[in-house]
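The values are calculated or read from the model by the stated rules, or taken from the named source; none is laboratory data. Computed from a predicted structure; not experimentally measured. Cβ: placed from backbone, ideal geometry, glycine included. Neighbour counts: every protein chain shown. Heads up: the accessible areas ignore ligands, DNA and RNA and are worked out on the full protein's heavy atoms, side chains in. Shrake-Rupley method; radii C 1.70, N 1.55, O 1.52, S 1.80 Å.
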Amino acid sequence: MDGGPDDREQAALRSGLRRMRTVATCLLAFAVAVYIATSLWRDAPSSVGYVRAAAEAGTVGALADWFAVTALFRHPLGLPIPHTAIIRKRKDDLGRGLQSFVSTHFLTEAIVRDKVNQIEVANRVGAWLCQPDHADRVSAEVAGRLASVLRKANDELIVELVEKSVVPRLVNVPLAPVLGVLLERALEDGLQHRAVDVLLEQAEDWLIKNPHAVHEAVLDRAPGFAPKWLNEAVAAKVYAEAVKLVGALRADRDHRMRQSLDSFLADLAGKLRSDPDLRARVEDLKARALASPVAGDAISRMWETAKGLLLDLTTDERGVARRAATTHLASLGFKLTADPELATSVNRTAADLATRAVARYKGDIAAIIGDTVARWEPAEASRRIELQVGRDLQFIRINGTVVGALAGLLIHLITELAL
């Protein structure tokens, strides 16, 4: 069975190292063979001297470079020659030096900022979020994490925290002004209209399905001396007028009764903020409610309800919350790609966050290098580094053989000319 990408990469590196090592060794063997052959050639013509000089110098150069390259990683021929197996002996110093080099020359604010600016975070994130599948994936991931947190939450601990941390602060916070501000904002947003529409819709539906209940309520309160047919006629008229009134209220938000309700709520919001008597009554009601023995049970029930509602919203894949989240994420992605000012702001923020993180944690980030190298066994460190750079180092051996041969040839030529 094929290994993973890392295994295949390691196998390719090992293969390349073996190939180049074989080439360099064969070239050394060729230089040695030529030198031996030309040295044993009796009565050889003078031109053979040039070949022998080139082979001799090439052999010396190849052996010297073989020793230098091998000494980096191990003892040549297993002999404990001083200043050999350098990486094994000084791997910790090498790791710390590499750590300092990366921290000083790579993890700088200017380099990180320039790189983040090149990435264009806003454009990439926006283009990715624009695709509905990606936006849905993000909303599903967030919903799944939130649902997991809610399921694992310690209900008793949360209720205890609310009772001991939140409730005491509510006692000291004036509630009436807060309610007044919230009510004013709700009126500005027209939330009262939506609430009344829901109530009226439910009322109309109930009236249509339960006409007998209205009739019975009217008949129960009718005077006993009145004829039955009159009471029934009054009950029918009351029911018809109730249905008519509810329908009119639903159809017309400017109905005088709804306007009266708006005026009452606006006046109540103002009084909650400014009327000392009303504020005192609200505070007294709040204090009694918080001091009531059932307050703890109410908090527990409120948390259970809120938790259940949140779980329903997060686990329903086709629910309104999930669909709205996906839509808003896709819309955000489109804005990131279409709004230059927003994109510039996001890119600047991303660069600022990255540079601040680097400035604060670059020492810890770079320390990963030194700590990792320190954990390696000496032989393992030598093997890993040789695997990465050994192939290129074999070119030094090849170059040493070729350059040595050329140098030997040149020296022999100069010597012949000089003599």
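Okay, here's what the table says:
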quantity: Cα-based Rg and Dmax for the stretch 57-176, where Dmax is the largest Cα-Cα distance (Å); calculated: 31.0, 99
quantity: Set of aspartates and glutamates with alpha-carbon distance to K152 below 19 Å, sequence-local pairs under 8 removed; calculated: E141, E160, E304, D312, D316
quantity: Cα-projected label distance for A291 with L342, points at 7 Å along beta-carbon direction, nm; calculated: 5.2
quantity: Dipole magnitude of the stretch 331-397 about its Cα centre (Cβ charges: Lys, Arg +1; Asp, Glu -1), debye to nearest 20; calculated: 80
quantity: C-alpha long axis of helix 5-40 to longest principal axis of the chain, angle in °; calculated: 10
quantity: Given charges at beta-carbon only (K, R positive; D, E negative), |dipole| of the chain in Debye; calculated: 1280
quantity: By average C-beta atoms within 10 angstrom, highest first, the peptides 91-103, 72-84; calculated: 91-103, 72-84
quantity: Convex hull per residue volume in Å³, alpha carbons only, for the stretch 260-369; calculated: 344
quantity: Cα-projected label distance for D93 with D364, points at 7 Å along beta-carbon direction, nm; calculated: 3.1
quantity: Sequence-distant lysines (8 or more away, or on other chains) whose Cα lies within less than 28 Å of K115; calculated: K335, K362
quantity: Mean ellipticity per residue at 222 nm, deg cm²/dmol - from DSSP H runs of n ≥ 4 across the chain, formula -39500 (n - 2.57); calculated: -29000 deg cm²/dmol
quantity: Accessible area of the chain belonging to carbon and sulfur atoms, whole % at 1.4 Å probe; calculated: 62
quantity: Quotient of Cα Rg and 2.2 N^0.38 Å for the stretch 1-95, N being how many residues it contains; calculated: 1.54
quantity: Bins of 10 Å, starting at 0 and running to the largest distance - Cα pair percent for the stretch 352-394; calculated: 25, 31, 24, 19, 1
quantity: Local net charge near D197, Cβ-Cβ under 11 Å (Lys/Arg +1, Asp/Glu -1); calculated: +2
quantity: Convex hull (Cα only) mean projected area of the stretch 2-53, reported in nm² to one decimal; calculated: 4.7
quantity: At 1.567 mPa s and 4 °C, Stokes D of the stretch 376-419 from Kirkwood alpha-carbon radius, µm² per second; calculated: 100
quantity: Rounded tilt (10° steps) of 91-105 against the dominant C-alpha axis of the chain; calculated: 60
quantity: Cut-off 20 Å (backbone N to label point 7 Å along Cα→Cβ of R301), residues of the stretch 148-165; calculated: 155-164
quantity: Set of the stretch 116-144 residues, backbone N closer than 14 Å to the point 7 Å along the Cα-Cβ line of L353; calculated: 116-117, 120-126
quantity: Semi-axes of the equivalent ellipsoid for the stretch 187-336, Cα gyration tensor, largest first, Å; calculated: 39, 27, 21
quantity: Mean-position separation - Cα centroids, the stretch 33-67 and the stretch 98-141, in angstrom; calculated: 59
quantity: Separation in nanometres of the label points that stand 7 Å from Cα toward Cβ, at L175 and L406; calculated: 9.3
quantity: Rounded to the nearest 20 debye, dipole of the stretch 165-213 from Cβ charges on Lys, Arg, Asp, Glu; calculated: 300
quantity: Bins of 20 Å from zero: percent of alpha-carbon pairs in the chain; calculated: 13, 26, 25, 15, 12, 7, 2, 0
quantity: Overall Cα dimensions of the stretch 106-189 - principal axes, largest extent first, Å; calculated: 54, 36, 36
quantity: Extreme residue, positive dipole direction of the stretch 243-357, given options V320, A351, Q259 (C-beta unit charges); calculated: Q259
quantity: Crossing angle, helix 191-209 versus the chain [Cα axis fit, 0-90 degrees, rounded to tens]; calculated: 60
quantity: Neighbour net charge for L393 - beta-carbon separation under 11 angstrom, K R +1, D E -1; calculated: 0
